[in-house]
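Novice: One structure coming up, written as structure tokens, with questions to follow.
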Amino acid sequence: MTEALGFHVIITNKIDEFREANMPKLNYSGNDFKDAVNIEPHSILFDYGIKDYAIEVSNNQKFLKLFFRNSNAHIPFDLFGAAFWLLSRYEEYLPHKTDKFNRFHYKSCLAYQYNFLEIPLVNVWINELKKIISEKFPELSMKQRKYNFVSTIDIDNVFKYKNKGLVRTLAGYVSDMMKNNAEGVRKRTSIIFNRTKDPFDCYDFLIKENYEKNISTIYFLLLGDYGINDKNHSASDLRFQALIKHLGDYSSIGIHPSFGSNNNLQQLKVEISRLANITHRQIVKSRQHFSMLKFPQTYQSLLQAGIGEDYSMGYTNMNGFRASYCFPFKWYSLDDEQETTLVIHSFAVTENTLKFFSEKDKKDFMELALPLINEVKKAGGEMISIFHNDTFDDLMKEKYSGFLSAAK
């Protein structure tokens, strides 16, 4: 609350102490105080266990969308309870539709159903609350949070052809020959013998582009065991290790927990240890491969594995704000009824989703990205994008450069 509102908060549940306090006051109770800003609560923050509350979303001129309505004329809903419902991802603990990877489907979320997925709605509510507090207590000084942008790069497959090892390289040749793909054979051979650059090798470009534009960057690296959904190079490959160290000289490094590590805490710990041994640094940042985020299991496992910051909060097939919020926040465990130390960073866009809808709706790449960037700038929030090294052809390099310029 302190970070979101921009001022220090003292909390009391003693009514006499509250009544006698000679300072700006925010009352969250069924009582009404003339010398305070009043928010009438819903039961959600006082109940135990997970309940399937009836959610009725209404349009509102000041707050855009709201639910958990009350009779308060100034703040006509339980802003704190509704924000908690969205930030805790309460709906993901309830029965819901999943996609082919058993992930929460964006079409199941309230934000998509009521058309506020592309708006950090909780930030809109906070800004309106700050206006109401300022009008009531003009002497109160509020610190404004400063916008920042973080470019994140997922490295699921470090090279397309290079350094694959004998078995995988031969398998590639056999596949090309069975398809009578002579051009594929020539291209593969040219890259393997370093006559042509591997199409996934965009690392010099990324380092130069982010350095020149002074962009904060995080690379998330997949170091899982080989599998149908985990096809990166072996973590024991010295050339791969050298690249990881090289990237770490310029940017932050995080783990990209493999698809195979889902529901496998020991495998997760192994992958984190591999990256820590390569970088000689403690690994505290993560983003799930395929954004395999399941509540509460994923975050419980990350905490047990020593991760302090996670960047998986978002949808891989729809841009927007999964938690309706664009500030970092600590994960609250509904099972344990307590706030944890795990800090959640929400991503708003991926290049694959921008590219898909750009082609589908015949719209410009940046035309789709700018509204999301501007929403975060307006809130003074944290804008996080995801790009993948395997998408950087010449056109994507141009789009990435333009995206950085717009988002920084």
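Rule-based calculations on the coordinates, nothing more; no lab input. Every value quoted in this text rests on a predicted model; they were computed, and no experiment measured them. As a convention, Cβ positions derive from the backbone with ideal geometry for all residues, glycine included, and neighbour counts pool all protein chains shown.
Novice: What's the ranking of 125-138, 52-65, 226-239 by average number of surrounding C-beta atoms within 10 Å, highest first?
Specialist: By packing density, highest mean first, the sequence is 125-138, 226-239, 52-65.
Novice: Rank these for me by crowding, Lys34, Lys146, going from fewest to most other beta carbons within 10 Å.
Specialist: Result, fewest neighbours first: Lys34, Lys146.
Novice: Counting pairs of Cα atoms in the chain, how many percent are more than 29 Å apart?
Specialist: Counting every Cα pair in the chain, those more than 29 Å apart make up 50 percent.
Novice: I need the per residue convex hull volume for the stretch 231-297, using only the alpha carbons, in cubic angstrom as a whole number.
Specialist: In the stretch 231-297, the Cα hull volume divided by residue count equals 93 Å³.
Novice: Based on the Kirkwood radius over alpha-carbon pairs, what value in µm²/s does the Stokes-Einstein equation return for the translational diffusion coefficient of the stretch 1-61 at 10 °C and 1.306 mPa s?
Specialist: Answer from the Stokes-Einstein relation: 111 µm²/s.
Novice: Out of the DSSP beta bridges found with both residues in the stretch 2-136, what percent are antiparallel (nearest 5)?
Specialist: 60 percent
Novice: What is the antiparallel percent of DSSP beta bridges lying wholly in the chain, to the nearest 5?
Specialist: About 25 percent, rounded to the nearest 5.
Novice: Now for a separate question. Rg/Rh for the stretch 2-136 to two decimals, with Rh computed the Kirkwood way over all alpha-carbon pairs.
Specialist: That ratio is 1.00, to two decimals.
Novice: Among Ala276, Tyr332, Tyr147, which residue has its Cα positioned farthest towards the positive end of the charge dipole of the chain, with +1 placed on the Cβ of Lys and Arg, -1 on the Cβ of Asp and Glu, and the dipole taken about the Cα centre?
Specialist: Ala276
Novice: Continuing with this model, one more query. Arrange the following residues from fewest to most other Cβ atoms within 10 Å of their Cβ: Ser346, Ser358, Ser216.
Specialist: Ser216, Ser358, Ser346
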